[in-house]
Amino acid sequence: PDASNAKSSTPTRVRSSPRPVLPGRCRTRASRPAYPLGHKWKDQPIKAKVLALHGHDDPMVPIEQVIAFEKEMTEAGADWQFHTFGHTMHAFTNPVANNPDFGTVYQPDADRRSWLAMKNFLAEVFA
């Protein structure tokens, strides 16, 4: 058999970032590299209303990122809300999330409360 056509038993993984980016994951501008000088969005106000729903025990979003997000929203003049749910990890609205070691656990109370917050937010935005 031709060795050039043989498949390796070890899969090759190519990752563009050192950490996986999960669905629903949000990074603020403050957590990314700074915009280059003259970037058209740098120092622009955020005109949209913003709602952030966060699990306090989420290991994927450290408190430093929460503080950076709040600071950025304030400095940008955004009309923002940040709701934190206690005893709640990442993916708290996903009923199949059940991996505490990874930091993803469904939390029914936070799911229900976040849904109410979202409905109230949307009612205000589209009133």
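Throughout, read-outs are computed from the coordinates displayed, never taken from laboratory work. Note that the coordinates shown come from a computational prediction; the quantities given were computed from them, not determined experimentally. Positions of Cβ are generated from backbone atoms using ideal geometry, with glycine treated the same way; all protein chains shown enter the neighbour counts.
Let me make sure I get this right: for the stretch 64-118, a, b and c are the square roots of the gyration tensor eigenvalues over alpha carbons, sorted descending. Under 1.5 in a/c it's rounded, otherwise prolate if a/b > b/c, else oblate. Which is it?
Oblate shape, in that a/c is at least 1.5 and b/c is the bigger or equal ratio.
In nm, to one decimal, how far is the Ala78 label point from the Asp101 one, both placed 7 Å along Cα→Cβ?
3.5
Ranking request for peptides 58-68, 116-126: highest mean number of other beta-carbon atoms within 10 Å first, then the rest in descending order.
58-68, 116-126
Please compute the modelled spin-label separation between Ala117 and Ala68, points set 7 Å along Cα→Cβ, answer in nm with one decimal.
Taking the simple label geometry, Ala68 and Ala117 are separated by 2.1 nm.
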